[in-house]
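The values are calculated or read from the model by the stated rules, or taken from the named source; none is laboratory data. Computed from a predicted model, the values in this text were never measured in an experiment. Virtual Cβ from ideal backbone geometry, glycine too; neighbours counted across all protein chains shown.
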Amino acid sequence: MADIFDEDLDSIIEELMKDIPDEEDCAEYETADPDAAIVMPTPEEAAETAALESTLEMLEDEYDIEIGSDDDTAQSPSDPTDDGGEKAEKKKTRLIVTVSTLLTLLVVLTAVAVFVIKPVFRLEGHDNTVCDMSKGYNEPGYFANYLGISLTDKIEVIGKVDETKPGNYELRYVLRFLGREYERVRKVTVKDTTPPVITLVGSRTVDTRDRVWTDPGFTAIDNADGDITGKVEVVSDYEEGTAGVFKVTYSVSDESGNTSEEERTVIVYDNTPPVVDLIRASVMYFNIGDYYSDPGAIAKDNFDLNVPVVTEGAPDMWNPGVYTVTYSAADKAGNAASAERQIIVAAKPVVEGRGIVGGGVVSDSTVYLTFDDGPSSVTPKVLDVLKKYDVKATFFILNYDAHPEYVKRAIDEGHTIAIHGYSHEYSEIYASPKAGLENIMKLHDKLVDDFGYATNLTRFPGGSSNTISKNYCEGVMSKLCPLAESAGYSYFDWNVSSEDATESSLAADVIASNVINGLAKGRGNVVLMHDAAGKDTTADALEAIIKYGLENGYTFAGLSSDTKPVRHNINN
Ligand code: ZN
């Protein structure tokens, strides 16, 4: 304050006088108007004047000024007309004016303090502040001070920053002091720079063998927007029913443009080949020259909806034989499968002529004597014994080019001619199911050609239960047996064995007893014997067997197509 008074006080006062508002202080000033004060001073007034004088002197000393300079001029001899009382009045008046002026000065200074000297009031930090949601808003602070006195506590902060919502906020800092109000404003921008969080349900890498993969789901949560799962964009190259490795990408943006992305890998395995189903039977039988139309096949796949079937092979309907038509299919994953159909083109019908009626009387205790591997020189001996007892039997013959007359005789004498096979060579006939069937068909057609005799009865060399075929083709019997049946043949094994093949020349009585011991009542007894060359003891044993049978209530008959087959279990 002393600084102010160091200046030219008069000029300051003069200046301030202009600015003084018309307030009560002014009224007080007017009471000191010299025009209204020309009266005789009372004793009290005299004392007051004395007090004012001393005050004035004090002020003169204090501030080293000449307040009474005008007074000196007034006391100059140029105005000698004034008497002593008038002089005192004038001095008093001047004193009053001076004191009033000083008081006014104080009022003015106060006014200056209040209206011109404003409090120091400022905000710490920036007036425009940007803050991140994740970090929150920290008030940088504010400050107010007036002439060294802190007014910070008096500052009222109006407004609020919602740190959970991005946006623009305004904080008003208001200081009310000495009847005046001061305001500072801070603009706060809350920004969201945190991306949403995408959470995948299930694992990031999914292995599946299903045709259709279903997304186990996902969620997207944002710190500002909350649950924005619905805004997630899913992009995938996944193709239903297709095996492979697929990417599924999930992306989302929050309102502030922060983006997140997640990825899932879907590995679809398809190791299952299609199933090729034939339309109609897997073996189809035709006679030479028949019309053939491929019935086709359908492929069904666990993944692919449409799997094309490629057909390879076709029968030559004018060239007898067994033809294989292959239907193959592959799914998109490359799993392949195929199915085969055997097309049998026979030179002659399977059932025709007299063969089928070769059977004799069938009872519930029938003996079906069967002779394999003929004809040979033994065959006439067998036929002789059969003729003697008028017993019918069955001959499972091989290629008979050496002795066609024995076949003819057997047919003529009412026996059943059946097919053992054109060849008995295991390595040839069991090389494949097809070779096995062709071995039967070849002899079938020869019999038709030579004697007009067609038979559908057959016995596989070694029987259907043989295991020797395994040496040539794994599983051949399992395929050949149904294949032969599909082609119209009825195959027989045996349930009584003479054991005449166990050694080159088994004694006749042993053969006879083997058979007799094997017979049983109440069933068809299919007896295995051989009329191959060298099997003379079999022919020798025959009479005893027939006699026993006839004497013990058995009926002898040849096999026919109506005979219930006796079959072994297939072992290959
Ligand atoms: Zn044989």
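Key figures
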read-out: Yes/no for HIS568 being in the same structural domain as TYR430 (by TED's automatic domain parsing) and either surrounded by fewer than 15 Cβ atoms within 10 Å (Cβ to Cβ) or closer than 30 Å to PRO482 by Cβ (or both); value: no
read-out: Considering residues of the range 385-401 that are away from the ligand (no atom under 16 Å from the Cβ) and without any contact (Cβ under 8 Å) to a residue 60 or more places away in the chain only, the residue surrounded by the fewest Cβ atoms within 10 Å (Cβ to Cβ); value: ASP401
read-out: So TYR426, is it within 16 Å of ASN572 (Cβ to Cβ) and either assigned by TED's automatic domain parsing to the domain that holds ASP531 or surrounded by 21 or more Cβ atoms within 10 Å (Cβ to Cβ) (or both); value: yes
read-out: Residues satisfying the stated conditions in the range 512-556, i.e. under 15 Å from ASP373 (Cβ atoms) and out of contact with any Gly (no Cβ under 9 Å at 6 or more places or on another chain); value: MET529, GLY534, ASP536, THR537, THR538, ALA539
read-out: Scan of the range 212-228 for residues that are touching a residue at least 12 places away in the same chain (Cβ under 8 Å) and either over 10 Å from the mean Cα position of the chain (by Cα) or in the same structural domain as ASP162 (by TED's automatic domain parsing) (or both), ordered by number; value: PHE218, THR219, ALA220, ILE221, ASP222, ASN223, ALA224, ASP225, ILE228
read-out: Number of the exception - SER432 against (1) away from the ligand (no atom under 16 Å from the Cβ); (2) out of contact with any helix residue (DSSP H, G or I) (no Cβ under 7 Å at 6 or more places or on another chain); (3) closer than 27 Å to PHE286 by Cα; value: (2)
read-out: Within the range 507-531, tally of residues that are more than 23 Å from SER490 (Cβ to Cβ), surrounded by fewer than 22 Cβ atoms within 10 Å (Cβ to Cβ) and at pLDDT 95 or above; value: 8
read-out: Evaluation of GLU503 against (1) more than 30 Å from ASN287 (Cα to Cα); (2) of a type in the set (Asp, Glu); (3) touching a residue at least 40 places away in the same chain (Cβ under 8 Å) (one fails), failing number; value: (3)
read-out: Extreme residue, nearest to the ligand (Cβ to nearest atom), among residues of the range 532-544 that are aliphatic (A, V, I, L, M) and surrounded by fewer than 22 Cβ atoms within 10 Å (Cβ to Cβ); value: ALA532
read-out: In the range 446-473, the residues that are within 16 Å of the ligand (Cβ to nearest atom), in contact with a helix residue (DSSP H, G or I) (Cβ under 6 Å, 6 or more places away or on another chain) and within 21 Å of THR563 (Cα to Cα); value: THR458, GLY462, SER464
read-out: Qualifying residue in the range 497-508 (condition: away from the ligand (no atom under 16 Å from the Cβ) and of a type in the set (A, V, I, L, M, F, W, C)); value: yes
